[in-house]
Structure formats: structure tokens, C-alpha cells
1. Sort out which residues of region 266-288 are outside any strand (DSSP E or B), touching a residue at least 12 places away in the same chain (Cβ under 8 Å) and either touching a helix residue (DSSP H, G or I) at 6+ places or on another chain (Cβ under 8 Å) or surrounded by fewer than 22 Cβ atoms within 10 Å (Cβ to Cβ) (or both), and write them in order of number.
2. In this structure, does residue 211 turn out to be free of Cβ contacts under 8 Å to residues at least 12 places away in the same chain, surrounded by fewer than 18 Cβ atoms within 10 Å (Cβ to Cβ) and in a loop (DSSP other than H, G, I, E, B)?
3. Would you pick out the residues in region 249-266 that are within 13 Å of the chain's Cα centre (by Cα) and closer than 21 Å to residue 128 by Cβ?
4. Looking only at region 307-343, count how many residues are in a helix (DSSP H, G or I) and either touching a helix residue (DSSP H, G or I) at 6+ places or on another chain (Cβ under 8 Å) or surrounded by 14 or more Cβ atoms within 10 Å (Cβ to Cβ) (or both).
5. Taking residue 260 as meeting all but one of (1) surrounded by 16 or more Cβ atoms within 10 Å (Cβ to Cβ); (2) in contact with a strand residue (DSSP E or B) (Cβ under 7 Å, 6 or more places away or on another chain); (3) part of a loop (DSSP other than H, G, I, E, B), write down the number of the exception.
6. Return the residue satisfying two criteria in turn: it lies in region 218-239 and is assigned to a loop (DSSP other than H, G, I, E, B) and touching a helix residue (DSSP H, G or I) at 6+ places or on another chain (Cβ under 8 Å), and of such residues it is surrounded by the most Cβ atoms within 10 Å (Cβ to Cβ).
7. Can you tell me which residue in region 164-189 is nearest to residue 308 (Cα to Cα), limited to those that are in a helix (DSSP H, G or I) and touching a strand residue (DSSP E or B) at 6+ places or on another chain (Cβ under 9 Å)?
8. How many residues are over 22 Å from residue 322 (Cα atoms), touching a residue at least 24 places away in the same chain (Cβ under 8 Å) and either surrounded by fewer than 18 Cβ atoms within 10 Å (Cβ to Cβ) or touching a helix residue (DSSP H, G or I) at 6+ places or on another chain (Cβ under 9 Å) (or both) if we restrict to region 170-189?
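Rule-based calculations on the coordinates, nothing more; no lab input. The model shown is predicted, which means the values in this text are computed figures rather than measured ones. Every residue, glycine as well, gets a Cβ built from its backbone with ideal geometry; the counts of neighbours run over all protein chains shown.
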């Protein structure tokens, strides 16, 4: 007798197999659909990321342009400076970066620019509220060839010898002084004879002065007050120990420079160094060091030293003056209206 197929055990087995096949097929369909959506989402996220990175690249490139346009004289010979030359940052273009930048610029043109940003004062800007001078309205024009003789680290046992030589030639110089253990009588003579006085440092301890901006301001304020008490003149010019860029302040020299300029002070580096602070330097070497730096420059700011151990500079000074006179230079003291020579990294 032939067995019926519908309703049989075999029928139900086939029905179960068909249901399982349907479930698996539906599952495969959903999995493939989700995979496609995930891929699209990843591409959209990547596109958004590229757009965001375009903003950052554009801002970075703009910063590089700004830094690259700063034009300052090249770094000179350092008193104690050991600043290393650094490569100027160069703008780097890649196809992806340029495309992202173009998209960002197009988008930026349609937006309203934000209001100017006004940062809160740094804490060090609130220190020493009396440590301000009137900045120059503009720098004065230099007429002819002018040499500015500057002497760091005095007053000392050599100061009066220097003053006697300058008086014999009727020349005025500039003294950037150290005020720790200050000889007030000599400082008064410097001021009384018409020479310029500027702040060099109070302690002349580099590791202490350049420990932070706050430490630099504390040292500068001590020197400023000492000079003011001795001469009744507020000095408005100064020279950084080691020059404005040196091995001790290279991490934050820009902040120090900006803060001192904000307070009205003008600082001076140099473009002719006597080299009189080098060991075993004689008067002939000092003279040659200065003579080879002249090179027809219209303005010379000459670095010399005023300290008890440095005889070579004093011995060479008359010959240096005679040579500069023969080259058509006049002499003048620095004041804050003289446009400064400042160092920059090569």
C-alpha cells in the first residue's frame, strides 16, 4: 500500500529543511546590507576627517607663513651666547593637503569672521606695576656713519680708565651696568659726563636670571631701581646678558622680548664684537676683531667689556677710536630712539 507524502514524517522533515534554508538566506542578506552601510559610513567619516585636517593644515601653513616673513638681522657673535642656528620652517604641500585647503578656504569665505580675540593678561604682566617707561614714538634717522661704543659688566676698576679715554676724544659711550655691589660714585660720574646708562643685569647669574620670565623680571627690576636711586634717571635701554638669544633663554626668548617691549624698554644686541671677553686676548686681537667688522656699515653697535680682568679692551680703545674716525664714523651714545640691532636665528 502506497504511503501518503503530505502529513508524513518525510514531509515534515523537508518542511523543516526549507525553513532553515530560508532563515539562513535572510541572515546572509541582512549581513551583506549592514556591511555595505558600514563601508559607506567609514568613507563618510574619513571624508569628514579629511575636511577637519584641512582646517588644521591651513592654520598651520598660515602660522608658518607668518614666521617666515619676519625679517631681522642675522645673529652676530655672542658675548656668552651659544645659540645654534635653526632651519626656517618651510611650507610643505601635498595633493591631499592642497585639496583640503581649497575646500576649507571656499567654506571660510561664506562665514562671518569671529570677533577679535583678547587674551587675559599673563600673571607676569601684573608684576612690578611701576616697571614701565615711555616707549619711543618712532626711531630717529641716523645721519652718516655712526659708531656706538658699548661697555658691558661695569662699573669696575677699569671704568675710570675708559671714561678718561672717551673724555680725551670728546666721545660719549653707553654703559650697560651690573648693579650688584654697585659703585655709586662711578655710576654718578658716568651719568654726569653725559654717557648713556642701560640695564644689563643685577646678579649676572645666568641660570638664575633665565630660570623663568618671572625671575628675569625680578632681576631686571632690582637693577632698574638701583640705577634710578643712584642717578634719578629711569633707564629705558638694556642689553640681555648673553644677548637677546642665548643658550639659557632660547626656550622662551620671544616671550621675554615681547614683555620688555610691552613695558616700553628697548634692547640692543651688536653687530661688531671686540672679543675682549675671550681668554688670552690681547689689544691687537681686539683691534683686529673690530676693524674686520666695519665693512662700510652705516651703523656699528660695538660690544666691549668693562671689568677688572679685561685690560685688552681698554688698551685697544684709543686705536679703535682712531681707526673708526679715519673711516668717517662719528660717535654717539645709545638712547631708545636709536633703532636697535637684534639677533635672530639663521
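1. 271, 274, 275, 276, 277, 281, 282, 283, 284, 285, 286, 287 - these are the residues of region 266-288 that are outside any strand (DSSP E or B), touching a residue at least 12 places away in the same chain (Cβ under 8 Å) and either touching a helix residue (DSSP H, G or I) at 6+ places or on another chain (Cβ under 8 Å) or surrounded by fewer than 22 Cβ atoms within 10 Å (Cβ to Cβ) (or both).
2. Values: free of Cβ contacts under 8 Å to residues at least 12 places away in the same chain: yes; surrounded by fewer than 18 Cβ atoms within 10 Å (Cβ to Cβ): yes; in a loop (DSSP other than H, G, I, E, B): yes.
The answer is yes for residue 211.
3. 249, 252, 253, 254, 255, 256, 257, 258, 259, 260, 261
4. Residues meeting the conditions: 14.
5. (3)
6. Pass one, region 218-239, residues assigned to a loop (DSSP other than H, G, I, E, B): 232-236, 239.
Now narrow it down to the ones that are touching a helix residue (DSSP H, G or I) at 6+ places or on another chain (Cβ under 8 Å): 233-235.
Values: 233: 11, 234: 15, 235: 21.
If we take residues in region 218-239 being assigned to a loop (DSSP other than H, G, I, E, B) and touching a helix residue (DSSP H, G or I) at 6+ places or on another chain (Cβ under 8 Å), then 235 is surrounded by the most Cβ atoms within 10 Å (Cβ to Cβ).
7. Looking only at region 164-189, we keep the residues that are in a helix (DSSP H, G or I), and these are 164-168, 184-189.
Okay, now just the ones that are also touching a strand residue (DSSP E or B) at 6+ places or on another chain (Cβ under 9 Å), so 166, 186-187.
Details: 166: 18, 186: 14, 187: 15 Å.
Taking the candidates together, the pick is 186.
8. Residues meeting the conditions: 11.
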